[in-house]
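Scroll down for the structure; my scribbles are underneath it.
The values are calculated or read from the model by the stated rules, or taken from the named source; none is laboratory data. No experiment lies behind these values; they were computed from the predicted model shown. Cβ: placed from backbone, ideal geometry, glycine included. Neighbour counts: every protein chain shown.
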Amino acid sequence: VKLRPKIFLKLAKSATLSQEKYPEGAQKLSKPLIPITMPLKEAIQSLKSIVAETTVNRKDVLPQLPNLSISVTRSSLAFLPFENTGHDLVQEHSALSVATSVVQHGRKL
């Protein structure tokens, strides 16, 4: 599933700022899972954009982004299940939500 860049950045920002709210360890999931995946290479490429979206002091940070070098030494995959509420998909441990129609549209891309 592909998401429009603006929606992806909104979700990435919320996920980044909500990290402490996610439970650690394995969780049992009883419902069928539909994974939304992103290749590691694309995730790494998105980091500068996520930093730009997440920063509070844009005036000072944005001019420095071209010189910012990010090196990834370790990666891990975190699965954040979303509950389908009809019109939205909502992540129960954070403020993450995305319209179901956005995800359905992304499946066609």
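Go through the residues of the range 26-42 one by one and say whether even a single one is touching a residue at least 12 places away in the same chain (Cβ under 8 Å), surrounded by 14 or more Cβ atoms within 10 Å (Cβ to Cβ) and closer than 18 Å to residue 102 by Cα.
Yes - at least one qualifying residue is present in the range 26-42.
Of the conditions (1) of a type outside the set (Lys, Arg); (2) in a helix (DSSP H, G or I); (3) exposed (fewer than 14 other Cβ atoms within 10 Å of the Cβ), residue 69 clears all except one; give me its number.
All conditions pass for residue 69, except number (2).
If I filter the range 48-78 down to residues being more than 24 Å from residue 93 (Cβ to Cβ) and of a type in the set (Lys, Arg), which single residue comes out as nearest to the chain's Cα centre (by Cα)?
In this case the residue turns out to be 48.
Could you go through the range 14-26 and let me know if any residue there is at pLDDT below 90, in a loop (DSSP other than H, G, I, E, B), among the polar types (S, T, N, Q) and over 14 Å from the mean Cα position of the chain (by Cα).
Scanning the range 14-26 turns up no residue that is at pLDDT below 90, in a loop (DSSP other than H, G, I, E, B), among the polar types (S, T, N, Q) and over 14 Å from the mean Cα position of the chain (by Cα).
Going by the conditions given, is residue 94 in a loop (DSSP other than H, G, I, E, B) and exposed (fewer than 10 other Cβ atoms within 10 Å of the Cβ)? Spell out how you get there, then give the answer.
Details: in a loop (DSSP other than H, G, I, E, B): yes; exposed (fewer than 10 other Cβ atoms within 10 Å of the Cβ): no.
Considered against the rule, which asks whether it is in a loop (DSSP other than H, G, I, E, B) and exposed (fewer than 10 other Cβ atoms within 10 Å of the Cβ), residue 94 comes out as no.
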